1. Among the candidates Ile748, Ile677, which residue alone is β-branched (Val, Ile, Thr) and open to solvent by 10 Å² or more (accessible area, probe 1.4 Å)?
2. Any idea which residue in the stretch 495-549 is farthest from Gly596 (Cα to Cα), counting only those that are among the charged types (D, E, K, R) and open to solvent by less than 60 Å² (accessible area, probe 1.4 Å)?
3. Are any of the residues in the stretch 628-645 acidic (Asp, Glu) and surrounded by fewer than 18 Cβ atoms within 10 Å (Cβ to Cβ)?
4. Tell me, which residue of the stretch 61-72 that is touching a Phe, Trp or Tyr at 6+ places or on another chain (Cβ under 9 Å) and outside any strand (DSSP E or B) is modelled with the lowest pLDDT?
5. Go through the stretch 175-268 and tell me which helices (runs of 4 or more DSSP H), entirely inside it, have 3 or more residues that are closer than 17 Å to Pro87 by Cβ, open to solvent by 10 Å² or more (accessible area, probe 1.4 Å) and not basic (Lys, Arg).
6. For Ala286, work out the one condition from (1) surrounded by fewer than 15 Cβ atoms within 10 Å (Cβ to Cβ); (2) without any contact (Cβ under 8 Å) to a residue 60 or more places away in the chain it doesn't fulfil.
7. If you scan the stretch 334-377, which residues turn out to be open to solvent by 20 Å² or more (accessible area, probe 1.4 Å) and among the hydroxyl-bearing types (Ser, Thr, Tyr)?
8. Does Ala140 satisfy the criteria of being among the small types (Gly, Ala, Ser), buried (at least 18 other Cβ atoms within 10 Å of the Cβ) and modelled with pLDDT under 95?
Amino acid sequence: MQPAMLRNYFKTAFRHLKRNTIFSVINISGLSIGLACCMLIILYTKDETSFDKFHKNADHLYQLTCDRIEKEGTDEKFGIAAMVQGPAFKKEIPEIREFTRVNNKTVVVKKSDALFSEQVTWADNNFFSVFSFPLLSGNAGQVLSDMHAMVLTDETAIKYFGSTDVIGKTLHLEINGSSESFIVSGIAAKPPLNSSIQFNIVLPFKFLEQENPDNGWMWVSYPTYFLLNPQANVEAIRAKMDQVYQTQAKSEIDLNHLAGYDNKFVWDLKPFTQMHLDTSYQGTPAASNPIYSYILSGIAIFILIIACINFVNLTVAQSLKRAKEIGIRKVVGSLRSQLIKQFLGESLLLTFFAFTLAIILAQLALPVFNDLADKKLSLGYLFDFKLTIGLMLLFLITGFVAGFYPALILSGFNPVQTLYNRTAYRSKNLFSGALVIVQFALATFLIIATLFIYNQFNFLTKTNLGYNDRNLVQFVADNAIMNKPLMDQYKTEFLKVQGVENVSYKNVGKFGGKTQAGAKEFTADYERIDDDYLATLQAKLIAGRSLSKAFPADVNNSVLINEAFVRATGWKNPIGKTVDYMNLPEWGSRKVSIIGVVKDYHYESLKEKIRPQLFTQDPALPLGQFVIRLKQGHEATSLAGVEKTYHRMIPDHPFDYVFSDDMNKRNYDAEYKWKQIITFSAVLTIFISCIGLLGLTILSTEKRTKEIGIRKVLGATTNHIIRLIAFDFLKLVFIAFLIAIPIGWLTIDKWLQNFAYRIEMSWYLFALAGTLALVIALLTVGSQVIRVAASNPVKALKNE
């Protein structure tokens, strides 16, 4: 192609874009929004799929998993193990080169007179050798060899010492109630954001092992990782792990069977790099549901497709206005291939502008997107070699796909007809109509999803929980976990604080186990509470009496149960009935009497079904967690008073508290973020779909200008013309609505299955979504249709 001809093509393209500014802006904005969405989703997907692949040994790193299969067939999957499995499997299975265990725990760090709550990571000595976390100071094989060694990240070192030159310096940490000194032996770079394992302070696992020795096989708590030999056969290792388990855990297995726990542990290995996107295993650090990537990728692809569809429709809509230009070009000798190149060039130029604007939009939207997706992505992360090539291909594909169809249509016009203004785009436009149906089907589906997500979120956050979570403060007294007299002393002091309405306490953590009642066996959750716990929560007792100091025998012999417990037993009147409960090996089988029934309340999120619950004052369970109700209107001053009292009684611990209503709302953070994401997606899809509908409207009205003129000359009113034209488009939107209903129904119904308590599939929300789609479509086509219907018919007919 000659340079002059190429220059002429670009000059013509610029003139056309300038002459049709509105359509150029619409085209560029629609395409750029689609491309910007695509770029952001590529960023998200790349980050999700890149987790843990930066490790040098990534191909040979595996995570130990466990399937615990109960005798009734239920199967729980865990991505964690106990202390013993790592060393035992490493010793007996030669294919395992290394093992390392990791455990995160929050401790109190004391620096001078300041106290900090800090999460520390216990790890085996080879942690920095097995994983590729770079050390800025220290030797990877030696930094955790000493029992009191400590590795800080560079940020943590600056936080506590103001510098990273801190090798040999000391921090004091409270471990199991006593102060321990740890000496800085290394400085590590902060783990990358796409690492499942995150840490601020790393301590030797052997210290934890020495303080809390445990050789039990029948529980799980610590993520355990294996580095295998390159030639290792994973299937063979699985078989060997089962042999080791059956041999070394035989006495525990036999004891379990005697106690009636006929469960089975199946040990397995899963590639470490795959665990981030596998939520089927409990305890896996930073696990993420891959469905989010699929949903976002699907939305991005659809938005990009819709943007390209709009380009096609708008370009074809403008074709009739360029009929004379095309006719003249053909008369003076232009070949069809040259016209195709001209229009493809215009498409690529438009796509280039759209790409440039898309990068700007993506950069501007990135902070909001990071907040919604809970990421810290940067646009620079997008431009590695592979993705740069991918974006270039996307640019070319988008330009050619968006421009090829119009180019064929425009270059095929008959030059004689174009010069006599007799060009008509005679296709029935089924293709464009089908594309608009696809656009509005997706838009309507997203409107349906938005309405249901909003309603479900409101249901989750506004449903009566069965207790009053307002003005309810929770915190832990670490030094009194197994000390009831001390808990009672603290309680007395907190009650003296002005503005405190009620004070009670309960156990820290979750406890539960096999329970026998009413000739049935099931799992129940156990809560150790004081006499005022239910009153503080404002939970209701619907039968019998509560636990009370007036009945000393209640401590060991009496319990309360909830309604779910009653349903599990099938009892009509449980008062006075006996329960056998067994959740700790040293308890054996305990027989206690039921003295009261508590009305069910949601002690977990509404994603979880209320399980059988048993309330006890048994000394075998720990305490430590205070629950304090503050008087309405005095929350700030009362909380300050509680904090002051806390520091007076427990001076070596920071006051870490949470309001129950805030904690409950955090249970639905994921739902809140997805509510925002789907809402934004719906708005963008509707906006781009309206652009497409506008393009089809312009195309249709351009084609029917003379028809409309004739109708008006023959007596048709403006309202009749508006109804005639608008009906064609609203019919497409209605078809899209009919397509979106079953898809929306199936998708929303499946999504709602994630919640034990959920809204009903209400027909009126589907009707509302359809009405919104129709109204939006009507507003989109209205102005163009009214303009054409109200135009002077003489102008339309005099060109004939």
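The values are calculated or read from the model by the stated rules, or taken from the named source; none is laboratory data. On a predicted model such as this, the values are computed, not experimentally measured, just so you know. Note: ideal-geometry Cβ built from the backbone for every residue, glycine included; neighbour counts use all protein chains shown. Heads up: the accessible areas ignore ligands, DNA and RNA and are worked out on the full protein's heavy atoms, side chains in. Shrake-Rupley method; radii C 1.70, N 1.55, O 1.52, S 1.80 Å.
1. Ile677
2. Filtering the stretch 495-549 for residues that are among the charged types (D, E, K, R) and open to solvent by less than 60 Å² (accessible area, probe 1.4 Å), the one farthest from Gly596 (Cα to Cα) comes out as Lys514.
3. Looking through the stretch 628-645, at least one residue is acidic (Asp, Glu) and surrounded by fewer than 18 Cβ atoms within 10 Å (Cβ to Cβ).
4. Step by step, filter the stretch 61-72, then rank; the result is Lys71.
5. In the stretch 175-268, 205-211, 234-248 are the helices (runs of 4 or more DSSP H) which contain 3 or more residues that are closer than 17 Å to Pro87 by Cβ, open to solvent by 10 Å² or more (accessible area, probe 1.4 Å) and not basic (Lys, Arg).
6. (2)
7. Ser334, Ser337, Thr356
8. yes
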